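Chemist: I'd like to ask you about the structure that follows.
The values are calculated or read from the model by the stated rules, or taken from the named source; none is laboratory data. Computed from a prediction, not measured in an experiment: that's the story for all the values here. Heads up, the Cβs are rebuilt from the backbone with ideal geometry, glycines too, and the neighbour counts pull from every protein chain shown. We work out accessible area using only protein heavy atoms, side chains counted, and drop any ligands, DNA or RNA first. Shrake-Rupley method; radii C 1.70, N 1.55, O 1.52, S 1.80 Å.
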Amino acid sequence: PGSAEPLAFRRTSGPMPTMQTWNTTHERIGWTRQTPVHLAVAAVCLLVFATSVVRFAVTRRRWREGGAARSLGLGVALANVIFAAWFMASIRRLGDTTPLPAFDVAFLTLGVIAAAGAALLPGFTLAAWREGWWTRSSRAAFTMLAVSAVAFAAWLDYWKLLGYRY
């Protein structure tokens, strides 16, 4: 913007046109790769996690069936909330030291553990609906947790925050 440098738009084999200047090429990104969409996904997932932690903490004594599913759900939700809090608190200093301090590696491990648990939640969700565990609203909330956990793990992987990619 504001430059007198000429631009040329060309249709390539892909779905989006590319913009070319004298020595660079830019590609328009789709809506799924735009920042507001990614921030919304993260915010919705974290809201579901925080709500799930509170819900599980309040109803813990009433667990009769599906206790393993709820315990895993609580662990995944809590791990993701703690991971997100650590990440937000340490984002400015990450990358200042190589290799990362053991403290930071521990929190990266928390994200990996949460993602592994997220892989198991859809199976527990199917079992909860098939076996009729809990109330309908509790099963719906657990389904939201499972979907959010898988989506958040995919989001972390997209941003290279899942695992030890430093």
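Chemist: Quick one: ranking GLU65, GLU27 by accessible area, 1.4 Å probe, largest first, what do you get?
Modeler: From most exposed to least exposed: GLU27, GLU65.
Chemist: Still on this structure, please answer the following. Using the heavy atoms of the protein chains alone and a 1.4 angstrom probe, what is the accessible area of the stretch 100-166 per residue in square angstrom?
Modeler: Value returned for the stretch 100-166: 53 Å² of accessible area per residue.
Chemist: Can you order the peptides 48-54, 95-101, 132-138 by their average number of other Cβ atoms within 10 Å per residue, highest first?
Modeler: 48-54, 132-138, 95-101
Chemist: Same structure again: Counting only protein chains, not ligands or nucleic acids, how are LEU145, LEU162 ordered by accessible area (probe 1.4 Å), most first?
Modeler: Result of the area sort, largest leading: LEU162, LEU145.
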